[in-house]
Each structure stands twice: as C-alpha cells, then as structure tokens.
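The structure under discussion appears below in the form of structure tokens.
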Amino acid sequence: MKYFVFLILLLFLSGCVFQEKEVMHENKTQEVGNESLPKPIEKQTQPDVYDLRKVEIREYEGNKLDSIVDVRDLSIKGPQYVDIDSYKLKITGLIENPINLTYNEVLSNQKYRKVIWIHCVTGWSAEVLWEGILLKELFDEVNVKPEANTVIFYAVDGYTTSLPLDYIIEKDILLADKINNVTIPPERGYPFELVAEDKLGYKWIKWVEKIELSDDPDYRGYWEKRGYSNTADVE
Ligand SMILES: Nc1nc2c(c(=O)[nH]1)N[C@H]1C(S)=C(S)[C@@H](COP(=O)(O)O)O[C@H]1N2
Ligand SMILES: [Mo]
C-alpha cells in the first residue's frame with residue numbers, strides 16, 4: 001500500500017515535471033552500467049566506474065547497499081573531470097576567514113560514515129554508504145557571521161543549489177569523498193558530493209568547488225529556478 005501511494009506520488013511529480021519549460025534530464029543520458037555508455041578516456045583520473053563493482057563494499061553493519069553503478073548519472077552537462085592538483089574548495093561569503101582548501105586539506109578533517117537513501121524526482125532511489133567530512137566542522141574553522149542563514153553550493157559544471165544553514169548543522173550533513181568505501185568516481189561527483197539527506201536528489205550537488213555562506217534564504221539553484229521546490233523534502 002505504501003509503495004502504491006509512493007507510485008501515485010511519483011506519477012503526480014512527473015506530471016509536474018513535464019509541465020516545466022525545461023524538463024529535468026530531457027537530454028537522456030544513459031545509465032552508468034549500460035554497456036553502450038561511451039567511456040571517457042583522456043581525462044580519466046579515477047578507476048573506471050565499471051571496475052568499482054569489484055572494489056566497492058555492498059554490505060555495511062548488516063545493511064545491504066546498492067552498487068555505485070546503480071546510481072544514475074543524469075547531470076546537466078555529464079561527468080566532470082576535475083584536475084585534483086589544481087582543485088581548490090573555496091569557502092566564502094558571510095564568514096570572518098575565507099579559505100581555499102586543497103583536496104587533502106579538506107580530507108584532513110574528521111571523517112564520518114552514514115548509510116543513506118538518495119531519491120531523484122525522476123523516480124529512482126539508491127541506498128549506499130557515504131563517507132566524508134562534516135560541513136559544520138568545516139564552518140567552525142571559518143567563523144560564520146551571525147547573519148548567515150543559507151549555504152549556497154557551486155559546482156564545476158555551473159550547477160548550483162542551496163540549503164538552510166540550520167539544516168546542515170542539525171542534520172550533521174556530510175560532504176562526501178567516498179561511496180561504498182571507494183573514492184567517488186568522476187561520474188558520481190569527484191572530488192566531493194553533498195549528502196543532502198532527506199532532500200531530493202537535485203540538492204545532492206556533485207563536483208562541488210565553492211561554498212558560500214549567505215543571508216538569502218530565497219536563493220534558487222539550477223533546478224529550483226526552473227520550478228522545483230526549494231525545500232525539496234523527501235515525503
Ligand atoms: N554538479 C551537479 N550536481 C548534481 C547534478 C548536476 O547536474 N550537476 N544533478 C543532481 C541531480 S538531479 C541528482 S538526482 C543527483 C544524482 O546524484 P548521483 O549521481 O550521486 O546519483 O545529482 C545532483 N547533483
Ligand atoms: Mo535528480
């Protein structure tokens with residue numbers, strides 16, 4: 001019965017989606033795992049996503065995990081290949097000490113793990129193990145100004161999204177560098193993907209390169225600007 005209600009909700013959601021001028025994922029990208037998917041070669045800095053099936057873990061503390069390969073890539077411009085040597089994570093906006101961190105500097109923070117579902121509005125979901133750092137611990141280092149209430153994220157492909165600062169602090173939101181115990185591949189968001197638990201997939205920004213503390217709760221990211229809910233709660 002619950003499943004049925006969920007299905008109806010999905011039908012309803014997709015109905016809304018197709019009324020939008022710009023339809024999410026209308027440029028159909030193939031699923032990762034589909035053999036006909038062209039494999040990028042030149043810029044590849046990470047192991048091929050298919051090989052990850054051999055090294056990823058599929059069970060964690062009694063939970064069966066979905067494969068990384070089951071998580072679809074339907075991003076606005078396709079996979080991004082970030083050069084990690086020149087990569088910097090910029091933290092900016094309403095803070096006392098703006099900083100640019102290298103990949104290793106970000107990862108020098110305490111690591112945490114969570115098994116969490118990601119749900120996309122287009123109807124697929126996956127439950128995997130996420131590992132990364134706590135954003136609130138990163139924020140402790142930069143002294144957030146009291147008027148900040150919103151966090152805006154920017155990615156290498158021009159994608160943006162935002163979330164309330166309180167949500168990020170109270171829910172212990174992770175910035176992940178690993179899925180199922182392996183480094184996130186370029187197709188999934190290397191070097192970092194936001195684990196926006198309890199929020200729809202379009203809040204899970206990948207290839208994150210800038211985080212801005214803001215006082216604009218009405219900021220609208222890429223899909224939010226195109227009519228998707230800014231709260232994006234998973235019902
Ligand atoms: N930079 C960037 N992040 C993005 C997107 C995108 O197009 N660009 N798509 C979002 C959407 S709509 C979904 S459902 C999730 C999918 O994340 P996954 O590849 O880890 O499953 O990524 C989100 N993050
Ligand atoms: Mo999505």
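Please go through the stretch 177-198 and give me each residue that is hydroxyl-bearing (Ser, Thr, Tyr) and open to solvent by less than 40 Å² (accessible area, probe 1.4 Å), ordered by number.
The answer is 190, and nothing else.
Looking only at the stretch 199-225, count every residue that is open to solvent by 30 Å² or more (accessible area, probe 1.4 Å) and part of a strand (DSSP E or B) and tell me the total.
The number of residues fulfilling the criteria is 4.
From the residues in the stretch 81-135 that are part of a helix (DSSP H, G or I) and out of contact with any helix residue (DSSP H, G or I) (no Cβ under 8 Å at 6 or more places or on another chain), which one is surrounded by the fewest Cβ atoms within 10 Å (Cβ to Cβ)?
Result: 104.
Search the stretch 136-148 for residues being more than 20 Å from the chain's Cα centre (by Cα) and outside any loop (DSSP other than H, G, I, E, B), and hand back the single one that is farthest from ligand 2 (Cβ to nearest atom).
140
Condition check ((1) touching a residue at least 40 places away in the same chain (Cβ under 8 Å); (2) over 10 Å from the mean Cα position of the chain (by Cα)) across all residues:
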{"residue": "165", "(1), (2)": "yes, yes"}
{"residue": "168", "(1), (2)": "no, yes"}
{"residue": "178", "(1), (2)": "yes, yes"}
{"residue": "201", "(1), (2)": "yes, no"}
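Is there a residue in the stretch 55-67 that is surrounded by 15 or more Cβ atoms within 10 Å (Cβ to Cβ) and without any contact (Cβ under 8 Å) to a residue 60 or more places away in the chain?
No, that holds for no residue.
What is the residue count in the stretch 136-156 for residues that are of a type outside the set (A, V, I, L, M), open to solvent by less than 20 Å² (accessible area, probe 1.4 Å) and more than 13 Å from ligand 1 (Cβ to nearest atom)?
So the count comes out to 2.
Would you pick out the residues in the stretch 199-230 that are within 15 Å of ligand 1 (Cβ to nearest atom), closer than 17 Å to residue 106 by Cβ and hydrophobic (A, V, I, L, M, F, W, C)?
205, 207, 208, 211
The values are calculated or read from the model by the stated rules, or taken from the named source; none is laboratory data. Keep in mind that this is a model prediction, so the values were computed, not measured. Neighbour counts are summed over all protein chains in view; Cβ atoms, including those assigned to glycine, are modelled from backbone coordinates with ideal geometry. Note: areas computed on protein heavy atoms with side chains; ligands, DNA, RNA excluded. Shrake-Rupley method; radii C 1.70, N 1.55, O 1.52, S 1.80 Å.
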